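Beneath this line is the structure, given in structure tokens, with notes to follow.
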């Protein structure tokens, strides 16, 4: 589950929240979770964030679905959005992935239509990397490793944002957004990430950074999914075993959840431990989202950052101690 909340600066100006998050279940014991942060300089930042988050998780869900469909019926459609209807937002049957902070974005069905119209590529971008298990004609009965699923989801998000830009006659940079996609299954997790924000994992009795914010030469400089050279800046975090929980967040929560020093980024347990304990005891998803919203709107977090804030979580077991 996750929540995206408008920050004090956008609330004061009347601007919309430019963060978004989305998630889908991947059968038993699996989740794809995306966090996106639209660029403040982009006129359609909220739409870009919402579109990329939804498309990323829908594509991962589709690839996982392809395996079962291929075993049962033979090859599935080449473009993964064609099977993008998935339980979402905590698994409500037939729902769309729950997205905070973005209106008017293409959902998975719209992405699928655009993708089929464009074929397997858009502007030279092939959705499936050559030789991947999703390539045309592939008959492999095993789904890709989690890190490859994350990469495929990231590529699908790029395709979806470009398709939306084309549909409205805008350049892709008008929908500029970061993207963090975590794929978690069977207590293993991997990530694909461009831009800021971060994900941390509870593993082997402690917190560790699963995917850190991008390092940059200048303050407030980051890379976006819509950059022409975006693939050069996507960081693929390899699969890690023994992951009991994951917290993913946008840069509005970064200074609360992480500490930065000469050795790089490290988790701050003062913020993360209470959230982890809360995550394992969530009685009701709706109530949980209300409590997360209160945390994101708190005066303490407002002092840390006046930016929009997203906090999303996956959990199987609580941290001990």
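Some points to look at:
- From the list 165, 160, the one residue that fits, being more than 12 Å from the chain's Cα centre (by Cα), surrounded by fewer than 24 Cβ atoms within 10 Å (Cβ to Cβ), more than 25 Å from residue 244 (Cβ to Cβ) and modelled with pLDDT of 95 or more, is 165.
- Tally of residues being touching a helix residue (DSSP H, G or I) at 6+ places or on another chain (Cβ under 8 Å) and in contact (Cβ under 8 Å) with a residue 60 or more places away in the chain across region 272-287: 2
- Search result, residues across region 169-214 that are farther than 23 Å from residue 230 by Cβ and surrounded by 20 or more Cβ atoms within 10 Å (Cβ to Cβ): 184, 185, 200, 201, 202, 207
- Among the residues of region 294-305, those that are closer than 10 Å to residue 253 by Cα and under 22 Å from the mean Cα position of the chain (by Cα) comprise 296, 301, 305.
- The single condition among (1) under 19 Å from residue 166 (Cβ atoms); (2) at pLDDT below 90; (3) not in a helix (DSSP H, G or I) that residue 40 does not meet is (1).
- Enumeration of residues in region 235-255 that are touching a strand residue (DSSP E or B) at 6+ places or on another chain (Cβ under 9 Å), surrounded by fewer than 20 Cβ atoms within 10 Å (Cβ to Cβ) and not in a strand (DSSP E or B): 241, 242
- Residue in region 180-199 that is at negative phi and in a helix (DSSP H, G or I) present: no
- Only residues that are assigned to a loop (DSSP other than H, G, I, E, B) and over 22 Å from residue 210 (Cβ atoms) were counted in region 1-27, giving 7.
- Those residues of region 256-271 which are closer than 12 Å to residue 213 by Cβ and either in contact with a helix residue (DSSP H, G or I) (Cβ under 8 Å, 6 or more places away or on another chain) or assigned to a helix (DSSP H, G or I) (or both), in sequence order: 257
- Check on residue 311, within 22 Å of residue 5 (Cα to Cα), part of a strand (DSSP E or B), touching a helix residue (DSSP H, G or I) at 6+ places or on another chain (Cβ under 7 Å) and at pLDDT 90 or above: yes
- Any hit, region 82-99, residues being at pLDDT 50 or above and either in a helix (DSSP H, G or I) or surrounded by 23 or more Cβ atoms within 10 Å (Cβ to Cβ) (or both): no
- Checking each residue in region 27-50 for being under 21 Å from residue 289 (Cα atoms) and either surrounded by 19 or more Cβ atoms within 10 Å (Cβ to Cβ) or within 11 Å of the chain's Cα centre (by Cα) (or both) picks out 30, 31, 32, 33, 34, 35, 36, 37, 46, 49, 50.
- Within region 9-25, considering residues that are under 30 Å from residue 280 (Cβ atoms) and either surrounded by fewer than 24 Cβ atoms within 10 Å (Cβ to Cβ) or more than 15 Å from the chain's Cα centre (by Cα) (or both), the one modelled with the lowest pLDDT: 25
The values are calculated or read from the model by the stated rules, or taken from the named source; none is laboratory data. In this text the structure is predicted, and so the values were computed from the model without any measurement. Positions of Cβ are backbone-derived with ideal geometry, glycine not excepted, and every protein chain shown enters the neighbour counts.
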